[in-house]
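Colleague: Have a look at this one before I ask anything.
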Amino acid sequence: MDIVYIRDLRVDARIGIWEWEQRIRQQVRIDVELAADVARAAATDRIEDALDYKAVAKRIQSFVAEREFGLVETLAEELARLVMTEFSVPWVRLRVGKPGAVRGSAEVGVWIERGTA
C-alpha cells in the first residue's frame, strides 16, 4: 500500500459545543493519509493517473466551510467518510486538531483510521 498525504491543512470552521463557539469561526488543522496505488501515476507521470491531493484538499476545505460541527470527533468521522466515498480510497487515517481548545496546550484533537489497507 502506498500513501498519499496532506499535512497541516488549516481550515476555518464553525465548530464547538459552547454558544460563543457557534457564532465564530475557529481554525482547525487537518492531516490526511490516503491509501493509493501510485505505481501507475509514477509510470505515466500524468495527474489523471494519480490521486489528486489538491482536489482532496479543496474538497475538505469546502466541506468544512459549508457545515457546522459540535465536536472534532464528528468532523473527523464525516471527513473520513467523504474522502473515502468521493475519492474511492479504501483506507484513510485522519487527524483533526483544534488549536487553543485547552489552556496550556498547543492543540487537542483526534486521530481516526477507517477502512482496510
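The values are calculated or read from the model by the stated rules, or taken from the named source; none is laboratory data. Every value quoted in this text rests on a predicted model; they were computed, and no experiment measured them. Cβ coordinates were reconstructed from backbone atoms using ideal geometry, including for glycine residues, and neighbour counts include every protein chain displayed.
Colleague: Considering only the stretch 36-53, I want to know if a residue exists there that is at pLDDT 95 or above, within 13 Å of the chain's Cα centre (by Cα) and not small (Gly, Ala, Ser).
Modeller: yes
Colleague: Checking the conditions here, which among Trp111, Trp91 is touching a Ser or Thr at 6+ places or on another chain (Cβ under 9 Å), under 14 Å from Val32 (Cβ atoms) and not acidic (Asp, Glu)? Walk me through it before giving the result.
Modeller: Details: Trp111 fails: touching a Ser or Thr at 6+ places or on another chain (Cβ under 9 Å).
Answer to the check: Trp91.
Colleague: For the stretch 76-117, enumerate the residues that are of a type in the set (D, E, K, R) and touching a residue at least 60 places away in the same chain (Cβ under 8 Å).
Modeller: Selection gives Arg93, Arg95, Lys98, Glu107.
Colleague: Any chance you could count how many residues in the stretch 1-36 are of a type in the set (Val, Ile, Thr) and not in a strand (DSSP E or B)? It would help to see each step written out before you state the result.
Modeller: Narrowing the stretch 1-36 to residues of a type in the set (Val, Ile, Thr): 3-4, 6, 11, 15, 17, 24, 28, 30, 32.
Remaining after also requiring not in a strand (DSSP E or B): 17, 24.
Residues flagged as of a type in the set (Val, Ile, Thr) and not in a strand (DSSP E or B) within the stretch 1-36 amount to 2.
Colleague: Still on this structure, I have one more. What is the one condition in (1) touching a strand residue (DSSP E or B) at 6+ places or on another chain (Cβ under 6 Å); (2) at pLDDT 95 or above; (3) surrounded by 15 or more Cβ atoms within 10 Å (Cβ to Cβ); (4) of a type outside the set (Phe, Trp, Tyr) that Arg59 does not satisfy?
Modeller: (1)
Colleague: Test of understanding: among Val108, Val83, Val89, which residue is under 16 Å from Leu9 (Cα atoms), surrounded by 15 or more Cβ atoms within 10 Å (Cβ to Cβ) and of a type outside the set (Ser, Thr, Tyr)? Step through it out loud before you land on a result.
Modeller: Numbers: Val108 fails: surrounded by 15 or more Cβ atoms within 10 Å (Cβ to Cβ); Val89 fails: under 16 Å from Leu9 (Cα atoms).
Residue meeting the stated conditions: Val83.
Colleague: So, one more: Do you know which of the residues in the stretch 77-101 that are of a type in the set (Lys, Arg) and touching a helix residue (DSSP H, G or I) at 6+ places or on another chain (Cβ under 8 Å) is nearest to Ala50 (Cα to Cα)? Before you say what the answer is, go through the steps one by one.
Modeller: Of the residues in the stretch 77-101, the ones of a type in the set (Lys, Arg) are 81, 93, 95, 98.
From what is left, the residues that are touching a helix residue (DSSP H, G or I) at 6+ places or on another chain (Cβ under 8 Å) are 95, 98.
Numbers: Arg95: 23, Lys98: 30 Å.
Per the criteria, the residue is Arg95.
Colleague: Considering only the stretch 35-49, I want to know if a residue exists there that is touching a residue at least 12 places away in the same chain (Cβ under 8 Å), surrounded by 14 or more Cβ atoms within 10 Å (Cβ to Cβ), of a type in the set (A, V, I, L, M) and within 18 Å of Asp12 (Cα to Cα).
Modeller: Checked against the condition, which is being touching a residue at least 12 places away in the same chain (Cβ under 8 Å), surrounded by 14 or more Cβ atoms within 10 Å (Cβ to Cβ), of a type in the set (A, V, I, L, M) and within 18 Å of Asp12 (Cα to Cα), the stretch 35-49 yields no hits at all.
Colleague: Determine, yes or no, whether Val64 is surrounded by 15 or more Cβ atoms within 10 Å (Cβ to Cβ), assigned to a strand (DSSP E or B) and at pLDDT 95 or above. Explain how you work it out, then say what you get.
Modeller: Values: surrounded by 15 or more Cβ atoms within 10 Å (Cβ to Cβ): yes; assigned to a strand (DSSP E or B): no; at pLDDT 95 or above: yes.
Judged against the criteria, Val64 is not a match.
Colleague: Look at the stretch 1-51 and say how many of its residues are of a type in the set (D, E, K, R), within 20 Å of Arg93 (Cβ to Cβ) and in contact with an Asp or Glu (Cβ under 7 Å, 6 or more places away or on another chain).
Modeller: First pass over the stretch 1-51, keeping only residues of a type in the set (D, E, K, R): 2, 7-8, 10, 12, 14, 19, 21, 23, 25, 29, 31, 33, 37, 40, 45-46, 48-49.
From the residues that got through so far, the ones that are within 20 Å of Arg93 (Cβ to Cβ) too are 2, 7-8, 10, 29, 31, 33, 37.
From what is left, the residues that are in contact with an Asp or Glu (Cβ under 7 Å, 6 or more places away or on another chain) are 2, 7-8, 29, 31, 37.
Looking only at that region, the number is 6.
Colleague: Related question: Just for the stretch 19-34: of the residues that are under 16 Å from Val72 (Cβ atoms) and among the basic types (Lys, Arg), which one is surrounded by the most Cβ atoms within 10 Å (Cβ to Cβ)?
Modeller: It comes out as Arg29.
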